[in-house]
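A.B. asks: Following this message is one structure expressed as structure tokens.
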Amino acid sequence: MKVEVDKESGFCPGVINAIRKAEDELKTRPKLYCLGDIVHNGQEVKRLEDQGLVTIDHDSLQQLHDTKVLLRAHGEPPSTYQQAQKQGIEIVDATCPVVLQLQKKVRRMYETEPDSQIVIYGKHGHAEVNGLVGQTNSTAIVIENESELVKIDFSRPVRLFSQTTMSVDKFRQLSLNIEQRMEPGATLQTFDTICRQVANRIPHMRDFASRHDAILFVSGKKSSNGKALFEVCRSVNPRSYQVSSVEDVDPSFWKDAETVGICGATSTPRWQMDQVADFVERFNN
Ligand code: SF4
């Protein structure tokens, strides 16, 4: 039986950069705080925690003083930077440059067009979305699906942005839907700010999943791009299974299969996919 690990799966540049920054810091100090999970992958978080990374939430941030805190790739609202400054906290900023650019765009729009409604297509409560809403003094409207369009006043200008990891097709559909509802005289501007690191993987993932008899998709349960990419695999190959680690792997997954493909999300480390591949190969031998 042939086992293939997808070369294009695994960490995106934003996650690679955040992990590198954490590892560099931990070479010179025994402990580094990280605001939120550095990556939506429990095993990778545990690997870094074993080196001294301490994951905290916003409540625990309030208790810290005169230390260093890493901000992960998703980014943070301005209030987090202000709070850190007040408490003498040095920020190790690992916000992905793609997210930083998007934050700047949203902020510029908020400052130059105070009468326009800034709409963010994204997930409620997601760290990146909170970071974007923070650029607008919490005035931006978050839309996760079409049923929430009632929040928009279509008689006033609308400026639509997207969280970086949303679906391109759904963003286009949403833009069209808003356009059809706009009232005469009110303008709509849409900014497709979806990161191609995720979007471009979809056609490749479809091809990879259809080339194999069975697919083991390695990803943390909290990863939203993991969920989306796994659905892509399952849509073309019903024998696709999502596993968080080698412990979830069941040999029945590849029963009678001649080829098994192993792939993952932008939050999946390569070592984890290699570990699953190794397990499958050892089991078969
Ligand atoms: S998916 Fe794109 S925007 Fe998000 S962290 Fe990775 S490179 Fe940055």
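Every number in this text was worked out from the coordinates using simple rules, so none of it is lab data. Everything numeric in this text was worked out from a predicted model, so none of it was measured. Cβ atoms come from the backbone with ideal geometry, glycine included; neighbour counts cover every protein chain shown.
A.B. asks: Rounded to whole Å, give me the distance from the Cα center of the range 142-181 to that of the range 1-68.
C.D. replies: 33
A.B. asks: Still on this model: Provide the gained length on full extension for the span V236 to N200, in nm with one decimal, where the gain is 0.36 nm per separating residue minus the Cα-Cα distance.
C.D. replies: 11.3 nm
A.B. asks: Label points 7 Å out from Cα along the Cβ direction at E113 and D57: separation in nm?
C.D. replies: With each label placed 7 Å out from Cα toward Cβ, I get 3.6 nm.
A.B. asks: Taking a cut-off of 28 Å between Cα atoms, list the lysines near K86, but don't count ones fewer than 8 places away on the same chain.
C.D. replies: Output for K86: K21, K27, K31, K68, K104, K105.
A.B. asks: Here's something else I'd like to know. At q = 0.12, 0.14, 0.19 Å⁻¹, what base-10 log of I(q)/I(0) does the Debye formula yield for the range 13-95 when every alpha carbon is treated as an equal point scatterer in vacuo?
C.D. replies: Listed by q, the Debye log ratios stand at -0.30, -0.41, -0.76.
A.B. asks: I need the P(r) histogram for the range 58-145: all alpha carbon pairs, bin width 5 Å from 0 out to the longest distance, whole percents.
C.D. replies: 3, 14, 23, 23, 18, 11, 6, 2, 0
A.B. asks: Could you tell me the calculated FRET efficiency between R47 and L149, based on Cβ-Cβ distance and R0 = 41 angstrom, to the nearest 0.05?
C.D. replies: It comes to 0.45.
A.B. asks: Taking Rh as the Kirkwood radius, which is the inverse of the mean 1/r over Cα pairs, what is the Rg/Rh value for the range 1-160?
C.D. replies: Expressed as Rg/Rh, it is 1.04.
A.B. asks: Long-range amide H contacts for S240: which residues qualify at under 5 Å (H placed 1.01 Å from N, peptide plane, sequence gap of 5 or more or a different chain)?
C.D. replies: Long-range HN contacts for S240: I215.
A.B. asks: Need one number: convex hull volume per residue for the chain, Cα atoms only, in Å³.
C.D. replies: On the way: hull volume 37.2 nm³, N = 285.
Here the figure is 131 Å³ per residue.
A.B. asks: Let me have the relative contact order for the range 13-95, percent, based on Cα pairs under 8 Å that are six or more residues apart. Present the calculation step by step, with values, prior to reporting the outcome.
C.D. replies: On the way: 116 pairs, mean separation 27.6, N = 83.
Answer for the range 13-95 is 33 percent.
A.B. asks: Only sites in a loop by DSSP and with at most 14 other Cβ atoms within 10 Å count here; which GluC sites (Glu not before Pro) in the range 1-81 make the cut?
C.D. replies: Qualifying residues, ordered by number: E8.
A.B. asks: Okay, next question. Which residue, K151, K31, K227, tops the fluctuation ranking in a GNM of the chain built on C-alpha contacts under 10 Å?
C.D. replies: Per the Cα network of the chain with a 10 Å cutoff, K151 tops the list.
A.B. asks: What's the exposure ranking of L188, L71, going from fewest to most Cβ atoms within 10 Å? List each step's numbers first, then the result.
C.D. replies: Details: L188 18, L71 23.
The most exposed by this proxy come first: L188, L71.
A.B. asks: Output the Kirkwood hydrodynamic radius of the range 163-258, Cα pairs only, in Å rounded to one decimal.
C.D. replies: Result for the range 163-258, one decimal place: 15.6 Å.
A.B. asks: Label points 7 Å out from Cα along the Cβ direction at E183 and K222: separation in nm?
C.D. replies: Spacing of the two 7 Å Cα→Cβ label points: 4.3 nm.
A.B. asks: While we're here: At Q82 and H65, where each label point lies 7 Å from the Cα along Cα→Cβ, what is the point-to-point distance in nanometres?
C.D. replies: 2.1
A.B. asks: What ranking of D169, D192 emerges when the number of other C-beta atoms within 10 Å of each C-beta is taken as an exposure proxy, fewest first? If you can, show how the numbers build up before the last one.
C.D. replies: Values: D169 10, D192 15.
Fewest-to-most Cβ neighbours within 10 Å comes out as D169, D192.
A.B. asks: Find, to one decimal place in angstroms, the Kirkwood hydrodynamic radius of the range 98-195, where the mean of 1/r is taken over every pair of different Cα atoms and then inverted.
C.D. replies: Evaluated over the range 98-195, this radius sits at 13.2 Å.
A.B. asks: Under 18 Å between alpha carbons, and skipping anything fewer than 8 positions from K221 in its own chain: which lysines qualify?
C.D. replies: Correct list for K221: K46, K123.
A.B. asks: Next question, about the same structure. Counting other C-beta atoms within 10 Å, which of C34, C12 has the fewest, and how do the rest follow?
C.D. replies: Going from sparsest to densest Cβ surroundings: C12, C34.
A.B. asks: Still on this structure, please answer the following. I want the local charge near I194. Using Cβ-Cβ distances under 11 Å, sum +1 for each Lys or Arg and -1 for each Asp or Glu among the other residues.
C.D. replies: +1
A.B. asks: Moving to a separate point now. I want the local charge near H124. Using Cβ-Cβ distances under 13 Å, sum +1 for each Lys or Arg and -1 for each Asp or Glu among the other residues. Don't jump to the answer; show the numbers that get you there.
C.D. replies: Details: positive: K123, K151; negative: E128, E144, E148.
Neighbour charge sum, excluding H124 itself: -1.
A.B. asks: Treating cross-link reach as a plain straight distance, find the aspartates and glutamates whose alpha-carbon is under 14 Å from the alpha-carbon of K7, omitting any fewer than eight places away in the same chain.
C.D. replies: D207, D274
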